[in-house]
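Take a look at the structure below.
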Amino acid sequence: MTSLPEDLSSLISEDDRGTAVKRVQEAYTEGHISHEEMDERLHQVLTAKTHSELVSALASLPEENAGTTSTIAVAGGRIQRRGAWRVPRTLKVASAFGRVHLDLSRAVIEHPVVDIELQLGTGRAKITVPRDAIVDVEDLRTGWKDSLYKTRQRSRPGGPKIRISGTMGFGRLKIRHARR
């Protein structure tokens, strides 16, 4: 579940409620709770008004699945992902020589935060993010050229946060927001 505010008596949003429902359903699907317990907890979640009521409904459930980590690695050549591909929670991309093109504009992004770790030697990298994404490149280290990215002046709330980290040798990273 997303981190809850310090003030547990504050009112919950529909996103908080939806996340809690999903967590209860996942616990049932994975066999951590019985059908009757799922019904009780769902009733608690659906009638909750404050964060403290949500916390008590989710008490003793296993931690939320943090998602998966996938690695794409090549010594030379091209790494390309585009279209409707499923983006893992953490994506590690390693290439000694060659080009990398990750197009997330039509990808299935199920996590509010996606970490992309780049380990690139030479060659160019291009990442296209969804139009409403928030991009963080503070943990990216470049050796030769700086990355090309302009922060969007107006972005709609609710998009995923894409955190790009790692190291780039002699290539250049270009990040752009999708136009549609």
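In nm, what is the difference between 0.36 nm times the number of residues separating Asp15 and Thr29 and their Cα-Cα distance?
Answer, rounded to one decimal: 3.0 nm.
What net charge do the residues around Ser34 carry, taking every other residue with its C-beta under 14 Å from that of Ser34, with Lys and Arg at +1 and Asp and Glu at -1?
After counting each charged neighbour, the total is -4.
Give, in nm to one decimal, the length gained when the segment between Ile72 and Phe170 is fully stretched (0.36 nm per residue of separation minus the Cα-Cα distance).
33.3 nm
Ignoring everything but the protein chains, give the 1.4 Å probe accessible area of Thr69 in square angstrom, nearest 10.
Surface open to solvent at Thr69 totals about 80 Å².
Could you work out the Rg to Rh ratio of the range 63-124, with Rh taken as the Kirkwood radius (inverse of the mean 1/r over all Cα pairs)?
1.00
The values are calculated or read from the model by the stated rules, or taken from the named source; none is laboratory data. Predicted, not measured: the structure shown is a model, and the values here were computed from it. Here Cβ is always computed from backbone atoms with ideal geometry, including for glycine, and neighbour counts include all displayed protein chains. Accessible surface is based on the protein model in full, side chains and every heavy atom, while ligands, DNA and RNA are left aside. Shrake-Rupley method; radii C 1.70, N 1.55, O 1.52, S 1.80 Å.
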